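Enquirer: Input: one structure, supplied below.
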Amino acid sequence: MTAAPPTAPHTSPGCTHTPPCPTADAPDRDSARLTTHRPEQGWSRLCNGVLLFEDTGELLPDGQIVDPHRGPVVTTATR
């Protein structure tokens, strides 16, 4: 019996992409590649198991909910 090769700490288990996708607990988890995209339902699944919603909220594989994290609204005044 051979052991599986060690994965880098910043690599999602089972990811075969090059470069490897970040894990679901990494700060840059949103940069993982899409594996499923359902725009008509408002969500996408990333290679690391994260579900991204169109409002920028997330559901992590361990069930943790990440609130939407949109940037600040920038307005321009016209005169």
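The values are calculated or read from the model by the stated rules, or taken from the named source; none is laboratory data. What you see is a predicted model, and the numbers here were worked out from it, not measured in a lab. Backbone-built Cβ (ideal geometry, glycine too); neighbour counts: all protein chains shown. Ligands, DNA and RNA are stripped out before the accessible areas are found, and what is left, the full protein with its side chains, is counted by its heavy atoms. Shrake-Rupley method; radii C 1.70, N 1.55, O 1.52, S 1.80 Å.
Enquirer: Given the criteria at pLDDT 95 or above, open to solvent by 50 Å² or more (accessible area, probe 1.4 Å) and in a loop (DSSP other than H, G, I, E, B), does residue 9 qualify?
Expert: The answer is no for residue 9.
Enquirer: I need a count of the residues in the stretch 26-62 that are open to solvent by 80 Å² or more (accessible area, probe 1.4 Å), within 16 Å of residue 14 (Cα to Cα) and either touching a Phe, Trp or Tyr at 6+ places or on another chain (Cβ under 8 Å) or assigned to a strand (DSSP E or B) (or both).
Expert: Total satisfying the criteria: 2.
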